[in-house]
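Shown next, in structure tokens, is the structure this report addresses.
The values are calculated or read from the model by the stated rules, or taken from the named source; none is laboratory data. Everything numeric in this text was worked out from a predicted model, so none of it was measured. Because the Cβ atoms are built from the backbone with ideal geometry, glycine has one as well, and the counts that use them run over all protein chains shown.
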Amino acid sequence: MRNFLSLLFMVFALLAPSIVLAADETNTIEDLLTSDNANNGIATNPQPLPTLNQVTVGIIKDNATPTKKLDIGKTGFPLPRFVSLKRDKVNVRKGPNETFDIAWTYTRKNLPIEIISEYDNWRKIRDHLGAEGWIFHSLLSGSRYALVNPWKQGGFFTIHSEKSEATKIVAKLETGTLGQISDCDGDWCKITIDTYQGFIKQEFLWGIYLGDVVK
């Protein structure tokens with residue numbers, strides 16, 4: 001009998017560590033995060049995965065590249081869309097806040113600008129050269145202006161008295177000419193430059209999408 005009890009004790013001693021390990025394996029990730037030993041290789045406040053309604057803005061300053069997650073603003077207006085500069089001098093910043101550095105400054109009132117994103121009262125913009133930055137919303141206007149074929153070097157484009165190339169030529173415009181647009185039907189736009197007014201094909205304008213209608 002004594003030999004049997006000794007044997008039983010030895011078996012129990014051998015199995016005990018396995019029993020403890022099995023019990024530990026029942027712990028979940030939530031248990032580990034809330035335990036006293038949670039910091040042992042496991043973050044107590046893991047960062048959430050980015051969602052589809054967030055954008056990342058990279059800022060380069062002092063050889064560092066910090067990033068900031070931003071929620072896309074929802075003003076009810078379509079993105080992208082065209083607007084224009086309200087003033088002769090408009091600062092463009094590297095991020096959507098006055099604490100961000102000024103990237104460059106526009107010095108041409110009514111220049112058409114494309115809004116490609118929104119954050120709070122700031123608008124991420126792109127110009128006809130492809131440069132992107134952030135502008136405060138009050139510096140932008142809904143007035144519609146366009147540049148005449150700014151991608152082409154040299155040359156002229158004609159504006160006509162009616163929506164037809166067969167009609168009278170009112171004036172010849174150099175590439176890069178800025179004018180106010182109205183009465184766009186998706187193919188033609190009325191454009192006004194100083195005292196001249198006529199119609200030009202929308203495909204020759206930067207400041208309105210081909211096919212868009214403006215009254």
Checking residue 212 against (1) farther than 19 Å from residue 126 by Cα; (2) surrounded by fewer than 19 Cβ atoms within 10 Å (Cβ to Cβ); (3) touching a residue at least 24 places away in the same chain (Cβ under 8 Å), the condition it does not meet: (1)
Out of the residues in region 60-104 that are hydroxyl-bearing (Ser, Thr, Tyr) and part of a strand (DSSP E or B), state the one that is modelled with the highest pLDDT. 84
Can you find a residue that is touching an Asp or Glu at 6+ places or on another chain (Cβ under 7 Å) and at pLDDT 95 or above anywhere in region 133-148? no
Please determine whether any residue of region 169-186 is of a type in the set (Asp, Glu), surrounded by 13 or more Cβ atoms within 10 Å (Cβ to Cβ) and not in a strand (DSSP E or B). yes
Can you pull out the residues in region 116-163 that are closer than 18 Å to residue 96 by Cα and aliphatic (A, V, I, L, M)? 116, 125, 131, 135, 139, 140
Among the residues of region 90-142, how many are among the hydrophobic types (A, V, I, L, M, F, W, C), over 25 Å from residue 152 (Cα atoms) and within 13 Å of the chain's Cα centre (by Cα)? 3
For region 155-174, state whether one or more residues are under 19 Å from residue 89 (Cα atoms) and at pLDDT 95 or above. no
